[in-house]
Amino acid sequence: MSDDDFGYVLSPQPKVSSRPRHPQAGRIQQLWSIFQENVDPLTKVVHVPELDPAMQRACSDAESVSRSFEALMFAVYSAAVMSLSDDECKALLNEPRKRLLASYIASTRVALSRAKIMSTTDIVVLQALILHLLSIREIHEPRAVWSLTGVAVRIAQSMGLERDGSSLALSAYETEMRRRIWWQLRTLDSQVADLCGLSKFRDCEMGPDSTKWPTNINDAQLQPGMVSPPAASNTLTDVCFVALRYELVSFAANRVNDVRKQGGDTSQWEQHVASEVNRTGSRAVLREMEDHIETKYLRYCDPSQPLHLMTMLLARSAINTVQFMTHHPRRWRSPSQMPVDESQFVWEASIKLLEYHNMLHSNPQLKQFAWSAAFVLQWHAFIYLLDTLRAHPLRTDADKAWRLIASTYENNQAMIMDTWKPIHAAVAGLCLKAFDIRTAAVSQGKGLPAQATPKFILKLRGQQRTAASKKRNLDTTDRTPYTHTPGGDQLNLDLSTAPIVPNFVSSSIPLHMHQSASVQHGDVARDSAAYSNSNHDGSQYIHSSKEVHPQWDAGWNDAVESDAWIYASWEQWDTWLADSIVRSPFSPST
């Protein structure tokens, strides 16, 4: 039998003969503590009371651990660093976050390959892979992560995790841990699918033998060798956050199944919830969900405890998300047709969603969980606020909305820097338009004092000017070499000589302009192939946007002068959101 473990899912084969190097014992203990505080409460993939003694032993003799446990250790290191900000990483670990995270992720890949991840039947290796998936979400494009998540799902299915352990005569402890692992994996799969613009909650139907939801119990109640299953608690426990999250997944999955039973397209379930014919039922279900969450979770939450506060934030965000979906402005042909009370309701729901999102970044009590914020922005609510501000620049609560928008941009720098993503570019265009209209209204003496231009607006304008300038001077033969550290998941890109910067210009052309370019599918296929080419010496290149997407050239001047994306339909926004992850300017191997 071949020793090649599919090259870690068809990527360049790491040297599995060379064992990755563990950090010093003190650093291992430090990373393990960070993981317990920051990552474990929101995941519960491992059982800390059982794992802690093994980690303590490994601190003194890390080189003697098994290959499966080695993979889990490096995955813990990666997840711990992932949960820190760059400033925290420098203060606690004396190294830049980017460098340290890349190093541990690379070592995790080697360790997973050494553990024969593609053919494993060891649940410890699966735990390591799930933590690895959490760690790479911000580094790799969502489609790559989603594909690898699919591999993890298949591995879990091969271990029988999609069937509940109680139907397989497994112990109470093993049954409960399998539930936690399975549903964390399925939830992650759904979250990444959403980032890819794909339908969420597609396969969450549960049959009689399907894996049940994890039990609401404290970790101390779960012990290897226990004779009978622990009784679920009626109060908050160590797993309160994940227990609530799985209930919300169940709620959404039931809505998807309702669409399926009615013969609808399950990929359109959010539109189904907002449709006029289903609104009465949706409102009744929402009230039932609110009452259940309030009774089971919120009334027990102590805001002084970070995990309880995080659980409250999740609950409130979920409720407002469903309220927004139920009253989604897509129901109206144009904003002007929305009744005033309906418009105000959606505005207030959107404001609350941005408040919750920014609270996760700014509240000191939630600092340890801020790493999860990057994956929970409600884009449609953000777009609705900007579009409303464009139409009504001087509404009474506009200042509050602009403060939230500024905080959202400051807390999510990728929205400014990753402007190769159509959603970032289009939202930036809408944001600048809304701000310019407000500035003009203020300058006309309509009752508001002039204010300094916010930093995020200056950054967006700078990005737009740079993109437009580089677009005008684009040379299709220019290429920018970058190096890919073998097995390192780290890119070293020299932007000082880059012919282009990922930009507004090439990413935000509306669909009707794409069509006007008359580009055939074959052209796109050829450019996609060219995009992935490498030199014989192993160096790779970022091709110019003109090479990758020749249709971007056509009609750009018109697009700059027009407000095509400003007045886009919700279907167009959905398309831009989905297209944001079709291709990144560079895609390191996962």
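FYI, it's all coordinate maths here, none of it is from the lab. Predicted model only: the values in this text are computed from it and were never measured. Positions of Cβ are backbone-derived with ideal geometry, glycine not excepted, and every protein chain shown enters the neighbour counts.
Of Ile105, Ile155, the sequence from fewest to most neighbouring Cβ atoms within 10 angstrom is Ile155, Ile105.
Amide H to amide H distances under 5 Å link Ser210 with Asp164, where only residues 5 or more positions off or on other chains count and H is placed in the peptide plane. Full extension of the segment from Ser210 to Asp291, taken as 0.36 nm per residue of separation minus the current Cα-Cα distance, would add 26.5 nm. Between His361 and Asp302, the contour length at 0.36 nm per residue exceeds the alpha carbon distance by 19.3 nm. Residue-wise HN-Hα couplings along region 41-51, as the Karplus relation 6.51 cos²θ - 1.76 cosθ + 1.60 with θ = phi - 60° gives them from phi, are x, 9, 10, 6, 6, 10, 9, 4, x, 7, 6 Hz; Gly and Pro carry x.
Near the amide H of Met226, within less than 5 Å, lie the amide hydrogens of Tyr173, all on another chain or at least 5 residues away, with H placed in the peptide plane. Given their separation in residues at 0.36 nm each and the Cα-Cα distance between them, Ala441 and Arg395 gain 15.4 nm when the chain is fully extended. Taking other Cβ atoms within 10 Å as a rough exposure proxy, His361, His308 sort from fewest to most as His361, His308.
Taking the empirical scaling 2.2 N^0.38 Å for compact globular proteins as reference, region 6-228 has a Cα radius of gyration ratio of 1.00. Sorting 322-329, 84-91 by their mean Cβ neighbour count within 10 Å, with the most densely packed peptide first, gives 322-329, 84-91. Values of log10 I(q)/I(0) for region 67-152 across q = 0.13, 0.19, 0.24, 0.26 Å⁻¹ run -0.39, -0.79, -1.12, -1.24, by the Debye formula with one identical scatterer at each alpha carbon and no solvent. Fewest-first ordering of Trp347, Trp146, Trp570 by other beta carbons within 10 Å of each residue's beta carbon gives Trp570, Trp347, Trp146.
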